[in-house]
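Derivation of every value follows stated rules applied to the coordinates shown; laboratory data play no part. Predicted model, so just to flag it, every value in this text is computed and none were measured. Cβ: placed from backbone, ideal geometry, glycine included. Neighbour counts: every protein chain shown.
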Amino acid sequence: NHYDLILRNADIATVGDRYRADIGVRDGRICAIAQQLDGSAAREIDAAGRLVTPGGVDGHCHFDQPTSDGSRFADDFFTGTRSAACGGTTTVLPFAAQQKGHSIQEAVDDYHRRAEGKAVIDYAFHLIVADATKDVTQRELPALIEKGYTSFKIYMTYDDLKLADRQIIEVLAVARKHGAMTMIHAENSDCIAWLTEQLLEAGLTAPRYHSSSRPMAVEREATHRAIALAELIDTPILIVHVSGREAVEQIHWARGRGLPIHAETCPQYLFLSAEDLGIDPDDPMHGARCICSPPPRDKGNQQFIWNGLSSGLFTIFSSDHAPFNMQGSDGKRVAGDDASFDRIPNGIPGVETRLPLLMSEGVMAGRIDIHRFVELTATNPARLYGLYPKKGTIAVGGDADFVVWDVFGEGEEKIIANDMLHHAADYTPYEGMKLRAWPGVTVSRGRVVWQDGVFSAAAGSGQFQPCLRPRTPNATNPLDKWI
Ligand code: URP
Ligand code: ZN
Ligand code: ZN
């Protein structure tokens, strides 16, 4: 009865349960959960009745991803995973991105080199398929799925990444045949190109016109098309970073038809709005800090996203952490201090604030219950991407990944400030927000990586996690459905 770690008096919440117990950890795994665990441990933590949830699984974040415009992501695998750990996340899934004209394997090898010796929590990779050649769909993807890369993102926009509908169909057919999950960035590329050209010709170049160049209809149309292509091939997809109520309506419509369409949303669509891209008279670039795609919408839209979280329309809640510095010449200002909106790197930081924002404004504010919180932030991403039940819940036999929460009464809230965060980005878009909860302790594979404001994990102590196939391969021809 000797453990490496015992967590005593935990108020454990999972998707299906809520109960008081002690958790015993050995060799990185949970090996006992009991009301009063007998035995001793090298280290004991008394949770004293505090809420304990599974370690967060962030199903969408970008660390040290190569770019094509000379910009650089502010976080590498060390600072990115450190930030995740301090915000209660114990598994991340960033993207190994194929470059057009190159193999995906090259991107995977390169990305392993970037992660190894740096990650402090466990990680798996999604693939980005940017060039769906016959060799990629017939040989590379099946081989990579076999090796534990079982999800891939494809883009309907961005010139260096986007796939034509025919290529999307080919990728969906691979996912069906081999039991993988396809994530789709749904925005209509030609609409954005035309609107951008019109805006620039009219001299409307400031950051806030980023959002005018990608209105909700652009996302709605692409979401509908992605759903139709998935229906054609008869395979599940996940629409990533759903931002607007019009795309939400499309997903609702698809679900009503019984189609297996999953959807993800992110903190920026709950807490930011198009106004945050507005002009600061002292710094025309100020709004660049909130430039991401799809863009945050009008304030009224935020309620639709909350409704989708509470109703079960959204399957997962991810950060889409894509950090670029506001200062210096390799971040948001890569094309200069007065660059037009279309030359400003897309993305905002948020890997550390994802869980505390949702716990505070979702659970503690009464908008979602604790079980839904766990499902959205840990269990469902682990299920969708083939990491469950090793990751994503609190269960005997699973990895010892959990968070002990600190909660603050009214008047004692924690105020978000960039200098308390552990990423390398020089700002947070959530500066000044008051939160009623923050992770007090994060345990990752049995190691206490964050406790009482102190981060302690060695670079390289996170492990690569090969993913299982999230679904059974389906060798039948999708044509059968249509004849
Ligand atoms: O603006 C965003 N979201 N940047 C990150 C890349 C992506 O499309 O998710
Ligand atoms: Zn995207
Ligand atoms: Zn992203």
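Brief remarks follow.
- Note on the range 126-282: the C-alpha convex hull projects to 10.6 nm² when averaged across all orientations.
- Remark: for residue pairs 299/390; 153/332; 153/434; 162/481; 162/390, the C-alpha separation exceeds 30 Å in 299/390; 153/434; 162/390.
- In this rough spin-label picture, where each label sits 7 Å from Cα along the Cβ direction, the residue 217-residue 135 distance is 4.2 nm.
- For the range 280-363, the orientation-averaged shadow of the C-alpha convex hull comes to 6.7 nm² (one quarter of the hull surface).
- Of all stretches in the chain that contain no trypsin sites (Lys or Arg not before Pro) in a DSSP loop with at most 13 other Cβ atoms within 10 Å, the longest one is 300-483.
- Overall Cα dimensions of the range 371-471 - principal axes, largest extent first, Å: 45, 32, 25
- Given charges at beta-carbon only (K, R positive; D, E negative), |dipole| of the chain in Debye: 1460
- Cβ-based charge dipole, the range 1-159, positive-most Cα from 55, 117, 158: 55
- Given +1 at the Cβ of Lys and Arg, -1 at the Cβ of Asp and Glu and no other charges, the dipole of the range 369-483 around its Cα centre is 760 debye to the nearest 20.
- Inverting the pair-averaged 1/r between distinct Cα atoms of the range 88-153 gives 12.3 Å as its Kirkwood hydrodynamic radius.
- Per-pair calculated FRET efficiency, R0 = 22 Å: residue 412 and residue 48 via Cβ, rounded to 0.05: 0.80
- The range 46-106-the range 374-440 distance, computed between alpha-carbon centres (Å): 13
- Using alpha carbons only, the radius of gyration of the chain set against its Kirkwood radius gives Rg/Rh = 0.96.
- For the range 279-318 and the range 335-355, distance of Cα centres in Å: 13
- Computed over the range 1-133, the range of Cα coordinates on each principal axis works out to 59, 30, 26 Å, biggest value leading.
- Long-range HN-HN contacts of residue 32 with modeled amide H, under 5 Å: 24
- Of all DSSP bridge pairs formed entirely within the chain, close to 45 percent run antiparallel.
- Around residue 252: net Lys/Arg minus Asp/Glu count, Cβ-Cβ under 13 Å: +2
- Taking label points 7 Å from Cα along the Cα-to-Cβ direction, residue 34 and residue 477 give a separation of 5.9 nm.
- Ranked from largest, the principal axis spans of the Cα set of the range 387-439 equal 40, 30, 13 Å.
- Pair residue 198, residue 299: separation of 7 Å Cα→Cβ label points (nm): 2.7
- The chain: calculated mean residue ellipticity at 222 nm from DSSP helix runs of at least 4, using -39500 (n - 2.57): -7000 deg cm²/dmol
- Square roots of 5 times each gyration tensor eigenvalue, C-alpha, the range 193-301, largest first, Å: 30, 15, 10
- Debye intensity ratio I(q)/I(0), log10, the range 317-408, q values 0.13 Å⁻¹ (C-alpha model): -0.62
- Angstrom value of the Kirkwood radius, inverse mean 1/r, which spans all Cα pairs in the range 54-189: 15.4
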